[in-house]
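The values are calculated or read from the model by the stated rules, or taken from the named source; none is laboratory data. Quick caveat, the model's predicted, so the values are computed rather than measured. Here the Cβ positions follow ideal geometry from the backbone for every residue, glycine too, while neighbour counts run over all protein chains shown.
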């Protein structure tokens, strides 16, 4: 009997200690880890990779909310990877300017600043990332060299959950500005991503295998897609984004791999496209693997001098050899374009080039009002292998 009481007492003590330990973790005050305390030098020349990494590693072990602070100043930084899981929530507060390396010997990685395996991460601060892309763009030969190696993405997020990115700037990325992979429940807002219109592959935000992503109140000017979503992108909400220059907001290209990672549940609303190559685009490879993409809503969109305001291209093949006989096997369905207005810089303002093998299904054009800026004929539309309907005002005339 005595031994049983002793056992119960020990168990209660263990439970008590666990509760106290958990409460202590929850109640731990926020703590700031200033990179300057770890030998960072804000002279715009010294490599601060080791100092940043040290600050992160120490902060990651703190039971409580940790803030890695990059104060005002200019910090040169080679490739760094900030990994979790951490013992408390993490914030990366950028007040200064981070500058990427310009030595071609350091371009062999696909990431400049990376975050991985974290929950509750916040990246903010009003500072900026300077990818110094001018030093790297001449090495981008992927259109002519099938063995090309990718240049570094400015900021990459892999396996990140329940996190926020806001009030940040990124300029002249070597590759994409921001890349999300295998992320869930992320909110991106109040950011500005800029690169020249002729800079190669400088996508603003690239999303793959991620779900429940919200992007809002953002300005993106790039040489590629403002936002691109590839296989496995689901439940994406994009609003109040200004795009231009660039290639527009794109779904795809799809069908080259990951045939079981469908793209579905996309809403794009209250956005403006200015001088872009495309506006709203869905593209799939031909030939392609079998896959699916659908449940998309594009609404309340302003087009200003956009070359392809609305385009579905299931014959996408940017690099030869290509053949018109090749067919996409990606089924596109349940797509609504509603309240799209403005101007087109080409006569063909609406293009729907769907697959003969798996025609597009339930495509709706509702209240489309696009004017042509040119003088070589009236504005028009072009549709192939599309099932759906047109409703309300249709300029150009609906071809669905």
Which numbered condition residue 74 misses (of (1) under 18 Å from residue 170 (Cβ atoms); (2) within 25 Å of the chain's Cα centre (by Cα)): (2)
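Residues checked against (1) outside any strand (DSSP E or B); (2) surrounded by fewer than 17 Cβ atoms within 10 Å (Cβ to Cβ); (3) modelled with pLDDT under 95:
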{"site": "10", "(1), (2), (3)": "yes, yes, yes"}
{"site": "14", "(1), (2), (3)": "yes, yes, yes"}
{"site": "18", "(1), (2), (3)": "yes, yes, yes"}
{"site": "21", "(1), (2), (3)": "yes, yes, yes"}
{"site": "41", "(1), (2), (3)": "yes, yes, no"}
{"site": "55", "(1), (2), (3)": "yes, no, no"}
{"site": "88", "(1), (2), (3)": "yes, no, no"}
Check on residue 151, out of contact with any strand residue (DSSP E or B) (no Cβ under 7 Å at 6 or more places or on another chain) and in contact (Cβ under 8 Å) with a residue 12 or more places away in the chain: yes
Qualifying positions in segment 57-71 - under 25 Å from the mean Cα position of the chain (by Cα) and part of a helix (DSSP H, G or I): none
Number of the condition not met by residue 113 [criteria: (1) surrounded by 14 or more Cβ atoms within 10 Å (Cβ to Cβ); (2) farther than 17 Å from residue 196 by Cα; (3) modelled with pLDDT under 95]: (3)
Residues located in segment 80-115, provided they are under 22 Å from the mean Cα position of the chain (by Cα) and farther than 15 Å from residue 157 by Cβ: 93, 97, 98, 99, 100, 107, 108, 109
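For (1) in contact with a helix residue (DSSP H, G or I) (Cβ under 6 Å, 6 or more places away or on another chain); (2) crowded, with 19+ Cβ neighbours inside 10 Å; (3) under 21 Å from residue 185 (Cα atoms), each residue gets a yes or a no:
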residue: 63; (1), (2), (3): yes, no, no
residue: 70; (1), (2), (3): yes, yes, no
residue: 75; (1), (2), (3): no, yes, no
residue: 92; (1), (2), (3): no, yes, yes
Within segment 222-247, tally of residues that are under 13 Å from residue 279 (Cα atoms) and over 13 Å from the mean Cα position of the chain (by Cα): 6
Tabulated pairs, segment 37-55, first within 15 Å of residue 112 (Cα to Cα), second modelled with pLDDT of 95 or more and in a helix (DSSP H, G or I), C-beta under 6 angstrom, 6+ apart or interchain: 52/35
